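Quick notes on the structure that follows.
Derivation of every value follows stated rules applied to the coordinates shown; laboratory data play no part. Predicted model, so just to flag it, every value in this text is computed and none were measured. Don't worry about glycine lacking a Cβ; one is built from the backbone with ideal geometry, like all the others, and counts go over all protein chains shown.
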Amino acid sequence: MPKRQYCVYVVELSKRVYTENYRFREANPQFNGVLECLYVGMTSKTPQERFQQHKTGYRNKKGHKLSSYFVQKYGTYLRPSLYNHIKPMSSRSEALKMEKQLALELRRRRYAVWFN
C-alpha cells in the first residue's frame, strides 16, 4: 500500500468574500484590495479533488461537513502557481505547518488569506 502524502493548495476566492464577510475582513487588515482573496488548505487528495469537495459541500460518512464555507460560496479556481513549488509531505502535521506558513507568507505579500 502506498504511503499517504499530503499537499497544500491555494484557491482563489471572489473578492465578494472580503466585502460580505466580517470574519474574513477582520483576519486580513493588511489587504489593500489590489491582489486576490485566497484560501489555503492541505489535503491527502489531489488539489483538484479537494476543490471539488469544497464546491459540492462534501460531508464525511458521519455527516460532518469537511468543506470550507468560503471555498464553497466564493471559490473560483485553483492557483497552482502559488503552491506548485511545495513538494508533497509524508505527515499531516508537516502539511498543517506548511499550510500556515504559506498562508502567512501570502498575507505578508498583501493577499487576503483564509486558512484553518
Check your understanding: What number of residues within the stretch 2-54 are among the charged types (D, E, K, R), in contact with a strand residue (DSSP E or B) (Cβ under 6 Å, 6 or more places away or on another chain) and closer than 15 Å to Leu78 by Cβ?
Key -> 3
Check your understanding: Picking from Thr46, Thr56, which residue would you name as being farther than 23 Å from Met98 by Cα and either in contact with a Ser or Thr (Cβ under 9 Å, 6 or more places away or on another chain) or of a type in the set (S, T, N, Q) (or both)?
Key -> Thr56
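How many residues, within the stretch 49-78, are in contact (Cβ under 8 Å) with a residue 24 or more places away in the chain and of a type in the set (Phe, Trp, Tyr)?
Filtering the stretch 49-78 down to residues in contact (Cβ under 8 Å) with a residue 24 or more places away in the chain leaves 50-51, 54, 68, 70-71, 73-78.
Imposing the further condition that a residue be of a type in the set (Phe, Trp, Tyr) reduces the set to 51, 70, 74, 77.
Residues flagged as in contact (Cβ under 8 Å) with a residue 24 or more places away in the chain and of a type in the set (Phe, Trp, Tyr) within the stretch 49-78 amount to 4.
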Check your understanding: Across the stretch 44-60, what is the number of residues that are among the aromatic types (Phe, Trp, Tyr) and either surrounded by fewer than 16 Cβ atoms within 10 Å (Cβ to Cβ) or farther than 17 Å from Phe115 by Cβ (or both)?
Key -> 1
Check your understanding: Taking the stated definitions as given, is Val40 surrounded by fewer than 16 Cβ atoms within 10 Å (Cβ to Cβ), within 23 Å of Val17 (Cβ to Cβ) and hydrophobic (A, V, I, L, M, F, W, C)?
Key -> no
Study note, to complete from the structure: Picked from the stretch 1-24 (must be farther than 13 Å from Phe70 by Cβ and of a type in the set (Lys, Arg)), the residue surrounded by the fewest Cβ atoms within 10 Å (Cβ to Cβ) is Lys3
Revision key, fill the gap. Picked from the stretch 61-102 (must be among the small types (Gly, Ala, Ser) and within 21 Å of Glu20 (Cβ to Cβ)), the residue surrounded by the fewest Cβ atoms within 10 Å (Cβ to Cβ) is Ser67
Review point. Looking only at the stretch 19-43, which residues are over 18 Å from Asn116 (Cβ atoms) and either among the charged types (D, E, K, R) or touching a residue at least 24 places away in the same chain (Cβ under 8 Å) (or both)?
Key: Glu20, Gln30, Phe31, Asn32, Val34, Leu35, Glu36
